[in-house]
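What follows is a set of notes on a single structure, which appears directly below.
Please treat every number below as a calculation from the coordinates, not as lab data. None of these values were measured; they are calculated from a predicted model. Here Cβ is always computed from backbone atoms with ideal geometry, including for glycine, and neighbour counts include all displayed protein chains.
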Amino acid sequence: MMGVLGGTFDPVHFGHLRPALEVCQELSLREVRLVPLRQAVHRPQPLASPDQRLAMLKLAVAGEPGLALDDRELRRVGPSYSYDTLVELRAELGAEEGICLLLGADAFAGFLSWHRPDDILGLAHLVVMRRPGDVPGEPAAMDEALRVWAVPRLCSSPAALAEAPAGRIWFQDVTPLAISATQIRRLVARGRSPRYLLPDAVIALIVGDGLYR
């Protein structure tokens, strides 16, 4: 199985990297691909350019075999939909390999508003990463529409993900790291150091390019 984690990565930070690595290891994935979006659909557009965000990600994953960079959404024109990315990946990987789409609990809460959510689950499993303040995975914590949709697809153990290439939902606990890209951009704008929130190599690029000032 392989994992996919999308986002603006504006900038990439340890709140992205550590959970992705933990999911990779806990679920025995061969890799997790970080997929920076080009045109956001459910959030404000990134401040850094596609080339700058790509460069930051390359620095962030260098030397970590469990994490890889996939720039297909940056090369694609128009809104960046997870469905389109998963269609491409499924065509490349074939029908049998498991694909796990990683997302946070806040994103999962609004998942039914995504572009073609049922088709997404037909292409991949959902792995919901639980962090501080996230809703737990119990059905009572979901709104009614999400509960009705999700409960039949919930896994009782992560091993169930390996039994099918797609279609199941698993809640994975990850190390609490309450870091946000917004927080980092505000620190940089105020002339404060964001060190220990993201890799030093990424900080050097931010400083060198004058990003977020």
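For the chain, the longest principal axis of the Cα atoms and the long axis of helix 14-26 meet at an angle of about 40 degrees.
A Förster radius of 25 Å combined with the Cβ-Cβ distance from residue 178 to residue 147 puts the calculated FRET efficiency at roughly 0.40.
Report the FRET efficiency, 1/(1 + (r/R0)^6), for residue 25 and residue 77, where r is their Cβ-Cβ distance and R0 is 45 Å, rounded to 0.05.
Details: r = 35 Å, r/R0 = 0.78.
Efficiency, rounded to the nearest 0.05: 0.80.
Residue by residue, segment 38-47 carries 3J(HN,Hα) couplings of 9, 10, 5, 10, 10, 8, x, 5, x, 7 Hz when phi is fed to the Karplus relation 6.51 cos²θ - 1.76 cosθ + 1.60 (θ = phi - 60°); x denotes Gly or Pro. For residue 104, the residues 5 or more places off, or on other chains, whose built amide H falls under 5 Å of its own are 129. With angles folded into 0 to 90 degrees, how steeply does helix 200-209 sit against the dominant principal axis of the chain? Use alpha carbons for both and round to 10. Roughly 60 degrees, rounded to the nearest 10.
Counting only Cα atoms, I'd like the Rg/Rh figure for segment 1-158, Kirkwood definition for Rh. Let's see the in-between values first.
On the way: Rg = 15.2 Å, Rh = 16.2 Å.
Ratio of gyration radius to Kirkwood radius: 0.94.
Among 109, 145, 124, the largest mean-square fluctuation in a Gaussian network model of the chain (Cα springs under 10 Å) belongs to 145.
Based on DSSP H segments of at least four residues, each scored -39500 (n - 2.57), the chain has a per-residue ellipticity at 222 nm of -10500 deg cm²/dmol. Between segment 155-213 and segment 47-125, how many Å separate their Cα centres? That distance is 14 Å. Taking Cα atoms only, the orientation of helix 82-93 departs from the longest principal axis of the chain by about 70 degrees.
Modelled label positions at residue 87 and residue 209, each set 7 Å beyond Cα in the direction of Cβ, lie 3.0 nm from each other.
Rounded to the nearest 0.05, what FRET efficiency do residue 163 and residue 18 have when you use their Cβ-Cβ distance and R0 = 41 Å? Before the final figure, lay out the partial values.
Numbers: r = 28 Å, r/R0 = 0.67.
FRET efficiency, residue 163 to residue 18: 0.90.
Looking at segment 80-130, which GluC sites (Glu not before Pro) are in a loop (DSSP not H, G, I, E or B) and have at most 12 other Cβ atoms within 10 Å?
Details: sites: 88, 92, 96, 97; in loops: 96, 97.
In loop regions of segment 80-130 (DSSP not H, G, I, E or B), the sparsely surrounded GluC sites (Glu not before Pro) are 96.
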